[in-house]
Amino acid sequence: MKILVTGAAGFVGFFVCQRLLQDGHTVCGIDNLNDYYSVQLKRDRLAQLIAQSNFIFQQLDLDNRAGMEALFAQNAFTHVIHLAAQAGVRYSLQNPHAYADGNLSGFLNILEGCRHSGTKHLIFASSSSVYGANTKVPFSTEDNVDYPVSLYAVTKKANELMAHSYSHLYDIPVTGLRFFTVYGPWGRPDMAYFKFVDAIAHGHPIEVYNYGKMKRDFTYIDDVVEGIVRLLDHVPKAVTDEKAVNSKARYKIYNIGNHSPVELLTFIEVIEQAMGKPVEKIMKPMQPGDVIATYADVEDLMRDVGFKPKTSIEDGIQKFVDWYKSYYAASA
């Protein structure tokens with residue numbers, strides 16, 4: 001298979017590309033290498049991919065319409081795994097236009113590319129953020145998601161709606177994945193776990209929002225990759241559901257989470273243990289755009305592809321800390 005992976009220099013994209021290359025696929029990766037966080041970290045990920053003969057890289061912005069049209073016209077991608085996006089809940093309060101450009105216009109270019117090139121299956125990254133102000137847990141893909149609390153979440157829900165319409169109109173098989181707080185080695189420096197480890201390493205205090213009264217369903221990167229790979233050949237079928245919806249779309253949404261939410265203060269304790277030292281905590285109120293808890297219902301994933309994320313937070317954090325110490329020691 002020849003597979004397009006967007007966001008190839010990003011955290012999830014990097015690991016997905018690695019796995020696909022190991023499995024013998026030809027992978028074309030694109031990324032705009034923006035400076036939302038360390039470009040050097042992105043380049044260091046990318047260097048490991050470029051070294052492999054069955055990997056092709058092109059620096060390209062998703063909202064470059066002509067560039068995206070040319071990319072699809074020049075390649076016969078059997079599958080597309082769309083992971084590129086402007087990430088971050090809080091950053092969407094500061095720079096909302098970046099989310100419209102990358103997450104909306106960019107995704108439209110992906111859909112148009114799939115439409116005109118006969119892509120066999122599009123898999124795209126959504127987010128647990130779409131559940132917004134929902135209070136029923138665990139979060140199910142059957143739940144109403146009409147109450148987003150950040151623009152980032154709005155763009156991800158819009159992606160789901162756009163994907164459904166293109167699947168319905170043009171018979172494109174599409175699978176959307178709602179990721180739940182993905183973490184692990186080579187992760188994003190803007191994520192809380194990375195900031196906490198970095199603060200402890202440098203003897204700085206950390207800020208703990210909502211006074212620690214939050215829960216997150218942390219999902220280790222290897223589990224996310226396994227879920228994506230298992231779904232690659234699991235093409236959705238059109239289903240007329242019990243809600244009297246008559247759609248021709250071959251379209252399905254899955255949660256990918258650990259199904260095991262962890263209290264924020266417990267999470268910090270695990271990090272302290274892995275780092276071998278405590279950290280000073282500055283308690284802060286809830287931040288705009290945040291939610292109290294995330295918790296994934298993964299029954300559909302288990303039923304359809306026989307997989308449930310299973311890496312414990314203790315094992316996952318230890319692997320991240322080991323990577324962090326090695327990476328920054330090497331670059332010091």
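The values are calculated or read from the model by the stated rules, or taken from the named source; none is laboratory data. Not measured: the values here are computed from a predicted model. No Cβ is skipped: glycine too gets one built from the backbone with ideal geometry, and neighbour counts run over all protein chains shown. These area figures cover heavy atoms from the full protein model, side chains too; ligands, DNA and RNA do not enter into them. Shrake-Rupley method; radii C 1.70, N 1.55, O 1.52, S 1.80 Å.
Residues that are open to solvent by less than 30 Å² (accessible area, probe 1.4 Å) and more than 17 Å from Asn255 (Cα to Cα): does the range 132-151 have at least one?
The answer is yes; a qualifying residue exists.
Restricting to the range 257-280, name every residue that is of a type in the set (S, T, N, Q), at pLDDT 95 or above and open to solvent by less than 60 Å² (accessible area, probe 1.4 Å).
None; the set is empty.
Against the condition assigned to a helix (DSSP H, G or I), crowded, with 20+ Cβ neighbours inside 10 Å and modelled with pLDDT of 95 or more, how does Thr155 come out, does it pass? Walk me through it before giving the result.
Working: assigned to a helix (DSSP H, G or I): yes; crowded, with 20+ Cβ neighbours inside 10 Å: yes; modelled with pLDDT of 95 or more: yes.
In short, yes.
Can you name the number of the only condition in (1) closer than 30 Å to Val270 by Cβ; (2) open to solvent by less than 60 Å² (accessible area, probe 1.4 Å) that Lys215 fails?
(2)
Every residue in the range 165-198 that is touching a Leu at 6+ places or on another chain (Cβ under 8 Å), outside any loop (DSSP other than H, G, I, E, B) and farther than 18 Å from Arg216 by Cα, please.
Tyr166, Val174, Thr175
Suppose we filter the range 104-117 for residues that are open to solvent by 20 Å² or more (accessible area, probe 1.4 Å) and under 13 Å from Leu4 (Cβ atoms); how many remain?
2
Give just the number: which of (1) in contact with a Gly (Cβ under 8 Å, 6 or more places away or on another chain); (2) in a helix (DSSP H, G or I); (3) open to solvent by 60 Å² or more (accessible area, probe 1.4 Å) does Met283 not satisfy?
All conditions pass for Met283, except number (2).
Do the conditions hold for Asp101, that is, is it closer than 26 Å to Phe15 by Cβ, part of a helix (DSSP H, G or I), open to solvent by 20 Å² or more (accessible area, probe 1.4 Å) and among the charged types (D, E, K, R)?
Yes: the conditions hold for Asp101.
Can you name the residue in the range 296-319 that is open to solvent by less than 60 Å² (accessible area, probe 1.4 Å) and touching a His at 6+ places or on another chain (Cβ under 9 Å) and is also farthest from His204 (Cα to Cα) among such residues?
Once the filter is applied, the top-ranked residue is Asp304.
Hey, can you tell me all the residues within the range 41-64 that are under 20 Å from the mean Cα position of the chain (by Cα) and either farther than 18 Å from Val16 by Cα or hydroxyl-bearing (Ser, Thr, Tyr) (or both)?
Those that are under 20 Å from the mean Cα position of the chain (by Cα) and either farther than 18 Å from Val16 by Cα or hydroxyl-bearing (Ser, Thr, Tyr) (or both): Leu60, Asp61, Leu62, Asp63.
I'm checking my understanding of the structure. Among residues of the range 118-131 that are closer than 23 Å to Pro288 by Cβ and of a type outside the set (Gly, Ala, Ser), which one is surrounded by the fewest Cβ atoms within 10 Å (Cβ to Cβ)?
Val130
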